[in-house]
Amino acid sequence: MTEQLWSGRFAQDPDPAMARLTSSITTDIRLLPYDLMATKAHARALVKGGLLDPADESVIEDACDAILADVDGGDLSPAPDDEDVHSFVERVLTERTGKTGRRIHAGRSRNDLVVTSFRLWCRAAAAQLAATTGRLIDTLVEVAADHVETVMPGYTHLQRAQPVTLAFHLAAHGYALERDGSRFRRAQEAADVSGLGAGALATSTLALDRAVTTAELGFSAVFANAMDAVSDRDFAAELVFAAGLCCQHLSRLATDIVLWTTAEFGFARLSDEWSTGSSMMPQKRNPDMAELIRGRAASSGAEISALLGLLHGLPLSYNRDLQEDKEIVFRSVDRAAGCLEGMTGLVPALTFDKEAMRAAAAAGGAWATDAAEALVARGVPFRDAHNAIGRLVARLENDVRPLEDEELSAFHPDLRREDLNADPAASVARRSGPGGPAPDALRAQLEELRVRAAELLSA
């Protein structure tokens, strides 16, 4: 059995079951590039502190680079009894560099090493998710730009409410995603703090300059309290929350796509490349990608709860419970990345039936709110106007014959024939204030989203 990093204290090797059940190597091997980065940075700090010969620094760096290349190339893999990625790295370094490798752990603990490697991974993952979110926003804007005047019904309670445009609807999803991108950037910033030098919980007596490792790893800050540093997982919770909320937003867009592509709505059709069929029913065209995004998003809330539950009530400082945080975070990030990628392919694969959407927007009394507001503009109290138009809508639902002018005035003396204009495009055009669906207001929204997407892609 491989000698454990802590084996000097014990006369017996761990029970095989104990070793197997406490190992995390299959999960945290994903931290390998970041563990190696932290190891190289720590070697530089040891050299500056006079604890490692300068010549040995290049030996460590070359060995770290070779380990990563060998693992990536399939020529090296962890042994069954490597406890975690950190013990794997130290074992191979010692095997390849001898006494030099045995010096590398001076002044550090797995506690500060794991949190530093994990922060590096989370920082990179958050940056990647922000950029992927930016690409999806860009995609939504590109599609929306062709449909600034494509009217469709807007919904509340999944009932037709007021006329809007397809671009307005897509922009609404874009703004939700813009907030997701901002949260990913904040999660990136939360992870951008070095934990190296914290040791097990109380730093070290060795002369190690934390500024060396902080600068080497590109962190913007270094921990303020070592005990907090090794136990802090706020950055991971922020990333999981950002990923989870992003998935919830994607699930809402997925449901819109599922609804729009039904025969009952008939607003859109997916391309063959982004549709699936039925093994039994030859006519079927199914929006499986949208359904899977919606289904996968369902687990994102559970991961937020799982991580918060893991952190709940942990005494300071480090506890082995924290070994379990990585699987939760990795799974959450993978899910969000996959859902974002799928939606980025799905949205441009839609073609829209403009006539079907226009007909739906013109039906069902969608003009009613405009009519009530026309009365309000003539000085009628809103509740009176609402009541009058409500009675008018009920009359038209129960009797489809056209209204004579004298019948119209019976609902309210200030009501005019033009107030019953059912043209959805005219209704949209009247909503020209900031944030509204009128074409000029909407173009401003799309430009704002385009700028924000570029920021997410470039940062």
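The values are calculated or read from the model by the stated rules, or taken from the named source; none is laboratory data. Keep in mind the model is a prediction, meaning the values are calculated, not measured. Quick reminder, even Gly has a Cβ in these numbers, built from the backbone with ideal geometry, and neighbours come from all protein chains shown.
Quick look at the values:
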item	result
Residue that is more than 27 Å from the chain's Cα centre (by Cα), within 30 Å of Asn111 (Cβ to Cβ), assigned to a loop (DSSP other than H, G, I, E, B) and modelled with pLDDT of 95 or more, where the choices are Ala200, Ala211	Ala200
Candidate set: the range 254-283, residues that are of a type in the set (A, V, I, L, M) and either in contact (Cβ under 8 Å) with a residue 60 or more places away in the chain or not in a loop (DSSP other than H, G, I, E, B) (or both); chosen: the one farthest from His173 (Cα to Cα)	Leu270
For Arg331: the one exception among (1) out of contact with any helix residue (DSSP H, G or I) (no Cβ under 6 Å at 6 or more places or on another chain); (2) over 19 Å from Ala126 (Cβ atoms)	(2)
Residue in the range 9-23 that is in a helix (DSSP H, G or I), within 30 Å of Ala187 (Cα to Cα) and modelled with pLDDT under 95 present	yes
Residue, farthest from Arg30 (Cα to Cα), within the range 70-85, restricted to residues that are free of Cβ contacts under 8 Å to residues at least 60 places away in the same chain and not in a loop (DSSP other than H, G, I, E, B)	Asp70
Extreme residue, surrounded by the most Cβ atoms within 10 Å (Cβ to Cβ), among residues of the range 367-383 that are in a loop (DSSP other than H, G, I, E, B) and over 40 Å from the mean Cα position of the chain (by Cα)	Val380
Residue check for Leu51: over 25 Å from Ser332 (Cα atoms) and either among the hydroxyl-bearing types (Ser, Thr, Tyr) or more than 35 Å from the chain's Cα centre (by Cα) (or both)	yes
Residue within the range 249-259 that is modelled with pLDDT of 95 or more and closer than 25 Å to Asp192 by Cβ present	yes
Residue match in the range 109-132 (condition: touching a Pro at 6+ places or on another chain (Cβ under 8 Å) and either without any contact (Cβ under 8 Å) to a residue 60 or more places away in the chain or of a type outside the set (S, T, N, Q) (or both))	no
Criterion violated by Thr39 - all others in (1) modelled with pLDDT under 95; (2) surrounded by 23 or more Cβ atoms within 10 Å (Cβ to Cβ) satisfied	(1)
Odd one out for Thr94 among (1) within 22 Å of Ile25 (Cα to Cα); (2) buried (at least 20 other Cβ atoms within 10 Å of the Cβ); (3) of a type in the set (Val, Ile, Thr)	(2)
Criterion: closer than 30 Å to Pro424 by Cβ, modelled with pLDDT of 95 or more, among the aliphatic types (A, V, I, L, M) and surrounded by fewer than 19 Cβ atoms within 10 Å (Cβ to Cβ) - qualifying residue of Ala290, Ala359	Ala359
All helices (runs of 4 or more DSSP H) inside the range 99-192 with 3 or more residues being of a type in the set (A, V, I, L, M, F, W, C), crowded, with 24+ Cβ neighbours inside 10 Å and not assigned by TED's automatic domain parsing to the domain that holds Ala38	110-145, 166-191
Out of Asp440, Asp419, sole residue that is surrounded by 15 or more Cβ atoms within 10 Å (Cβ to Cβ), among the acidic types (Asp, Glu) and either out of contact with any Lys or Arg (no Cβ under 6 Å at 6 or more places or on another chain) or assigned by TED's automatic domain parsing to the domain that holds Leu170 (or both)	Asp419
Answer from Thr351, Thr344 - the residue that is surrounded by fewer than 17 Cβ atoms within 10 Å (Cβ to Cβ), among the hydroxyl-bearing types (Ser, Thr, Tyr) and within 25 Å of Leu140 (Cα to Cα)	Thr351
Extreme residue, nearest to Phe265 (Cα to Cα), among residues of the range 352-366 that are of a type in the set (A, V, I, L, M) and part of a loop (DSSP other than H, G, I, E, B)	Ala363
Top-ranked residue in the range 295-313 [being small (Gly, Ala, Ser) and outside any helix (DSSP H, G or I); ranked as surrounded by the most Cβ atoms within 10 Å (Cβ to Cβ)]	Ser299
Matching option when the condition is at negative phi and in contact (Cβ under 8 Å) with a residue 40 or more places away in the chain, among Arg378, Arg430	Arg430
Where a residue in the range 320-337 is under 27 Å from Ala290 (Cβ atoms) and touching a residue at least 24 places away in the same chain (Cβ under 8 Å) and its partner, wherever it lies, is in a helix (DSSP H, G or I) and of a type in the set (Lys, Arg), with Cβ under 6 Å and at least six apart	Arg335/Arg296
Flag if Thr205 is β-branched (Val, Ile, Thr), assigned by TED's automatic domain parsing to the domain that holds Met343 and assigned to a helix (DSSP H, G or I)	no
